[in-house]
Amino acid sequence: MTFDWQLANECFINEMSADKNTDLCNQPDLIIDTDENLSWASEELVILKNSFFESLDTHALELFNAWSNKSEHCSLKVSTYFQAYADQLHSYRGRNCTLVEIGVMEGGSLLAWKEWLGPGARVIGIDINPEAKELEKEGIEIIIGNQADPTFWEVFLKENNDIDIIIDDGGHQYFQQALTFFCILCHAKRKIQFIVEDTSTSFFSNFLEQNEESFVSLMKQVIDNLNLKQIFSKKGLSNWRNDIDLQIVKEYQKIQSLCFYSGLISMKIDPLKGLIPLYLYNVNRRTKKEDLRHSGCITGVKFTWPDPIQPRDVLFKGLVESKNKLLVDVRKKTK
Ligand SMILES: C[S@@+](CC[C@H](N)C(=O)[O-])C[C@H]1O[C@@H](n2cnc3c(N)ncnc32)[C@H](O)[C@@H]1O
C-alpha cells in the first residue's frame, strides 16, 4: 500500500489554516527539527506555530517556557507533549512532591521540571551514563543505573519511598520500557503517576525486538485488564466470557487509569485505592423501566476497522437490517 503523505499533509494544513486568524507574533520562535531533505514552507510555519501556541493552556505554556529557557541544556521534545504533561501533572505544581525522570542527557527536561513544579519539588534523574552526575551541581539528584535491570529498581524504590511521578525518557527500547513498567507496578506501595515518552518508537523498524510485540501492544493489553477489573465486583458474573485468566487481571489491579496521547502514555498506579470496582445504585430499588438496549442491534453496516498496519472491513451483526451498508471508510478521503 502506498501513501501520499504530501497530499495528506497539504489537506491537513489547509484545514488548520481555515480557523487560524489569531495574531500570535509575540510568542517565541519554535526551533523545529525535520529530516535534512524536508522542510516546512514559511506560510506553513506560521500556521503550525499559531496552532501550537493556541493548543496550550496556561500550565502547558509555562512548561514550554520553562523548558525552552534552558537552552544551555539541549533537549528535544515533541510539541504535543507539553499539553499532555500539563494535563497529567499540573495538580502537583506548588506542592511538595518527588519527580523521577529516567534519561538525563544534558538535563534540559529535569531543570524544566524543577522550575515548573516549584520549590517544593524533589527532582531525581536516572541515567546509565556516569557523566549525567554533572547535573548535580544544578540542584538535581542523579542516580546512575540501568532502567532495564530489575535489581536496580528493587533497591531504588525501597530507598526512595516518597515518589509521586516517574517519567521514562530513557533508552526507548521495548524491553527497557516494559521492564521499567513491570518493576514500578510490582514495587509501587503508594500512588505513582507513570509516564512513558516517545512510545511511537513501538512502530520504528530499526528498534530491537519490537515489531511483533512492542510497548504499545503491551499497553493495549493493560487496557483489557483495566476493563476486566469489574469481574471482581460480585455482580453479573455470568455475563463475562469464560476464557479470562483471573490471576493476570488481579496482578494488574493496581492500575487505575491509562491515558494515551500522541507518542506518550500516562498511567495512574495506586495500590491503595479502588482495587475492586463496585456497582452502585442511587436508590434502594431496581429501575421499573424496560431496558431496550437489545432492540437497537443493527446488522449489515460495514466499518473499516482503523488498524493502520492491517486495515480490514468488519460487518456489524444484529437484528435490525441497515440500508446503508458502508458506514465509514476513512481511507476514501485520501484516495
Ligand atoms: C532521550 S535522552 C534524555 C533526554 C532528556 N530527558 C531531555 O528531555 O532533555 C535519553 C537518555 O537515556 C539514557 N539511557 C539510555 N538507556 C538507558 C538505560 N538503559 N538506563 C538508564 N538510562 C538510559 C541515555 O544515556 C540518555 O542520556
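The values are calculated or read from the model by the stated rules, or taken from the named source; none is laboratory data. Nothing here was measured: the structure is a model prediction, and the numbers come from that model. Glycine also receives a Cβ, built like all others from the backbone with ideal geometry; neighbour counts cover every protein chain displayed.
Things worth noting here:
Okay, residues lined up against (1) at pLDDT below 85; (2) among the aliphatic types (A, V, I, L, M); (3) under 30 Å from GLN177 (Cα atoms); (4) touching a helix residue (DSSP H, G or I) at 6+ places or on another chain (Cβ under 8 Å):
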residue	(1), (2), (3), (4)
ASP270	no, no, yes, no
GLU290	no, no, no, no
PHE316	yes, no, no, no
ASN324	yes, no, no, no
VAL328	yes, yes, no, no
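- Identification of helices (runs of 4 or more DSSP H) wholly contained in the range 101-201 with 1 or more residues that are in contact (Cβ under 8 Å) with a residue 60 or more places away in the chain and either surrounded by 18 or more Cβ atoms within 10 Å (Cβ to Cβ) or more than 21 Å from the chain's Cα centre (by Cα) (or both) yields 108-117, 174-187.
- Candidate set: the range 49-92, residues that are over 19 Å from the mean Cα position of the chain (by Cα), within 12 Å of the ligand (Cβ to nearest atom) and among the hydrophobic types (A, V, I, L, M, F, W, C); chosen: the one surrounded by the most Cβ atoms within 10 Å (Cβ to Cβ): TRP67
- Candidates ASP33, ASP29: the one that is at pLDDT 95 or above, in a loop (DSSP other than H, G, I, E, B), more than 28 Å from ARG190 (Cα to Cα) and more than 12 Å from the ligand (Cβ to nearest atom) is ASP33.
- Residue pairs whose Cβ atoms lie under 7 Å apart, separated by 6 or more positions or on different chains, with the first residue in the range 66-84 and closer than 20 Å to GLY118 by Cβ and among the aliphatic types (A, V, I, L, M) and the second part of a helix (DSSP H, G or I) and within 12 Å of the ligand (Cβ to nearest atom), are ALA66/ALA112.
- Residues being β-branched (Val, Ile, Thr) and more than 14 Å from the ligand (Cβ to nearest atom) - total across the range 150-173: 2
To keep it simple, each residue is scored yes or no on (1) crowded, with 18+ Cβ neighbours inside 10 Å; (2) in contact with a Ser or Thr (Cβ under 9 Å, 6 or more places away or on another chain); (3) part of a loop (DSSP other than H, G, I, E, B).
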| residue | (1), (2), (3) |
| --- | --- |
| GLN221 | no, no, no |
| GLN230 | no, no, no |
| ILE248 | no, no, no |
| LEU258 | no, yes, no |
| ILE265 | yes, yes, no |
| LEU272 | no, no, yes |
| TYR279 | no, yes, yes |
| ASN282 | no, no, yes |
